[in-house]
1. Identify all residues within segment A:131-145 that are assigned to a helix (DSSP H, G or I), more than 9 Å from chain B (Cβ to nearest Cβ) and buried (at least 21 other Cβ atoms within 10 Å of the Cβ); write none if there are none.
2. Please tell me if B:V340 is in contact (Cβ under 8 Å) with a residue 40 or more places away in the chain, surrounded by 20 or more Cβ atoms within 10 Å (Cβ to Cβ), under 30 Å from A:T73 (Cβ atoms) and not polar (S, T, N, Q).
3. Here is a list: B:A369, B:A346. Which entry is closer than 21 Å to B:Q123 by Cα and in a helix (DSSP H, G or I)?
4. So which of A:G22, A:G47 is of a type in the set (G, A, S) and on the phi > 0 side of the Ramachandran plot?
5. Considering each of B:I148, B:I116, B:I141 in turn, give the residue that is within 14 Å of chain A (Cβ to nearest Cβ), of a type in the set (A, V, I, L, M) and either without any contact (Cβ under 8 Å) to a residue 60 or more places away in the chain or not in a loop (DSSP other than H, G, I, E, B) (or both).
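The values are calculated or read from the model by the stated rules, or taken from the named source; none is laboratory data. These figures come from a predicted structure and were not determined experimentally. FYI the Cβ positions are ideal-geometry reconstructions off the backbone, even for glycines, and counts take in every protein chain you see.
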Amino acid sequence: MSEIEAAIRENHPALITYITAGDPSLEDTREYVEALDRGGADLIELGLPFSEPIAEGPTIQAAINRALDAGTTPQGFFELVDDLETEAPLLVMTYYNMILQYGPEADVRPFVERAAEAGLSGIIVPDLPAEEADPLRAACDDHGLDLVFIVAPTTEGERLETIMSQVSGFAYVQARLGTTGARADVSNATHDSLARLSAYDVPKAVGFGVSEGDHAAEIIEAGADGVIVGSALVDIIAEHGEGDAPAADALEAKAEELKRGARRGGGVDVPEPEQP
Amino acid sequence: MSKPERNRDRDSEATFGEYGGQYVPEALMPAVQELEDAYERYVLENEDGFMDEFRERMRDFGGRPTPLQRADRLSDRYDREIYLKREDLLHGGAHKLNNALGQVLLAKYMGKERIIAETGAGQHGTATAMAAAHLDMPCEIYMGRTDINRQRPNVYRMRMNGAEVNPVTAGSGTLKEAINETMRDWATTVERTHYVIGSIVGPHPFPKLVRDFQSVIGRESREQIREKAGRLPDSVLACAGGGSNTMGTFYEFVPDESVDLVAVEAGGSSLEIDEANALAPNSATLSTGTDGVLHGAMTKLLQSGDGQIMESHSVSAGLDYAGVGPELSYLVDTGRVTPVSVGDDAALNGFHRLSNLEGIIPALETSHALGYLERAAGPAADGRAAKPRDENHEDLGDLVVVNVSGRGDKDLETVLEETEKRDLEAAPDVEVFDR
């Protein structure tokens, strides 16, 4: 069992968090990752910013722009990860071109090698469907990294079968069509997708639109093994400025709320914290 | 390890050598595969008479075939036979309708209910809006805020044809951002919406689909030149941004090895790039780009060493794109297509020269091909004819076809503004107005 799969199964129901590295600076990212780790995140995805993030909604697009404006580079990103010591395994989420261009030629291997060296446990690539993934999958296998695939509401039939037969780490269940972004409710598509996937014995985590503890509870209750939260955390970062300690505290509190919600959905009796 | 159903060899039909492919979010894969199926059935196999209806509509609504005209004064100037393929005379004033009408019709055959498209300068947007009105399909166009402000007439044209125009404020507010936003819409509405992509870019099958709709340009040109000149041309010139008019013009000539195919890119103000600020003051992707993945395909790109996509620039909005069609990248690598680049100044001179000598006001995109013609075949600076051969390219030969991809009415404001800033040899005196 990979580190990522173990992190989900052993901490069931799991909380997976996403923030964009370098938003608003790599120094801040370090604080935020540690805060999320303290707050109960079981896996932490770090976005390596790419200039054309076609799968992202406005919130994460803005975070990526802030990170790029701050001069975030793959080198800086890996140096940050080199130094991070978290209980939660770390994944990198980035677009395929960033992976291809890390070395001197267009080749995925130097990136994967460096990711493994930095201690990352897996990679998620929103613009890489299984059909194009052979080179990256081979490189990840060589270095013991998981390559996490997304299962969309439109993924059906034989494609679903084959993707589910190759799950690495967990199945990233996209809750709804469209782009990332916090939503006020849990979509029907989430319930449909989880019902469709219930026959597969692989860890399933649901992302795209999850923003509150109550969503987490509902999604876990519907059969997911984990929830993935990104935009709601990025919103917190956006509200605070650079080098702002309360942002880390707010992230930690949000992670706690989401983790509590997930556990409530999993039937674990969780006392609400005392109100100050 | 078993692979997804339709996985295939790298040299099979989703790719051109190493280029092309389907680098799209998972949510779009079923739609892309549905389009592949529709492409094979309707376009390649003419199921339900799709191609017959397409050709009939292109004739009656579009005005095909367009003429191939001998340019008498250019022929004199360059001391060889110059023929112009007049895509500027197609309905809408550019080659863009070939693709837009084809795809909107295809969407109808596929049972889609809504059309979306991106546009840069507005040429593809206006063509799509015309086609959607003609075929009674709801249509929304994504256009960068910067482009909206500098291409107002095209925005009005789209609105008049009943299309919604959605401003895109991200980034520099130009074509690249408009494509990103259209892909996001498509990822949300994919089940009932068709994305009419505007060039030979994007995931398979778009590069082939768009090429096939545009290849009528080269097919007609090939027949027409044989009729008029009695033989195939020595060289064919077309401007190249994303590459739809380029590939449309070249495709039928690719097997004719005696015909040189020259893709003329926008050299902008310089071929140097500013890596620190991710700026390329040109759009010369085929000439200077490196391999990477953008908007669904592996192709040549203007990018930083880290893989961030550059902001490109050209005086011609229609060439202003950091990527290029994967098939052109492939044909450049194999040596079949020769990429050259022409800067803003030479393109503006090309614009004025054709306007003045032939009575044809060309699009600024086309003007790059005309700028190259002057550089490769124009009179030498000392006034004598017989200019030394261009170092980037062999002699153009005695019989040359230039694709006039569009007319330049849309560019008049830009041309006046840019001409004023420069001392252009071919520019007329326009001091008749009180400016």
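1. Those that are assigned to a helix (DSSP H, G or I), more than 9 Å from chain B (Cβ to nearest Cβ) and buried (at least 21 other Cβ atoms within 10 Å of the Cβ): A:L136, A:A139, A:C140.
2. no
3. B:A369
4. Sole residue among the options that is of a type in the set (G, A, S) and on the phi > 0 side of the Ramachandran plot: A:G22.
5. Every option except B:I116 fails the conditions.
A quick yes/no check of all residues on (1) part of a loop (DSSP other than H, G, I, E, B); (2) touching a residue at least 40 places away in the same chain (Cβ under 8 Å); (3) within 27 Å of A:T154 (Cα to Cα):
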site	(1), (2), (3)
B:V24	yes, yes, yes
B:A27	no, yes, yes
B:A38	no, yes, yes
B:R59	no, no, no
B:D76	no, no, no
B:H91	yes, no, no
B:V104	no, yes, yes
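Yes/no matrix, rows are residues, columns are (1) over 16 Å from B:A27 (Cα atoms); (2) of a type in the set (V, I, T); (3) touching a strand residue (DSSP E or B) at 6+ places or on another chain (Cβ under 9 Å):
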residue: A:V173; (1), (2), (3): no, yes, yes
residue: A:R176; (1), (2), (3): no, no, no
residue: A:S187; (1), (2), (3): no, no, no
residue: A:D192; (1), (2), (3): no, no, no
residue: A:A195; (1), (2), (3): yes, no, no
residue: A:V202; (1), (2), (3): yes, yes, yes
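Here's the yes/no breakdown for (1) within 14 Å of the chain's Cα centre (by Cα); (2) in a loop (DSSP other than H, G, I, E, B):
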| residue | (1), (2) |
| --- | --- |
| A:I4 | yes, no |
| A:R9 | no, no |
| A:H12 | no, yes |
| A:E27 | no, no |
| A:Y32 | no, no |
| A:I54 | no, yes |
| A:A63 | no, no |
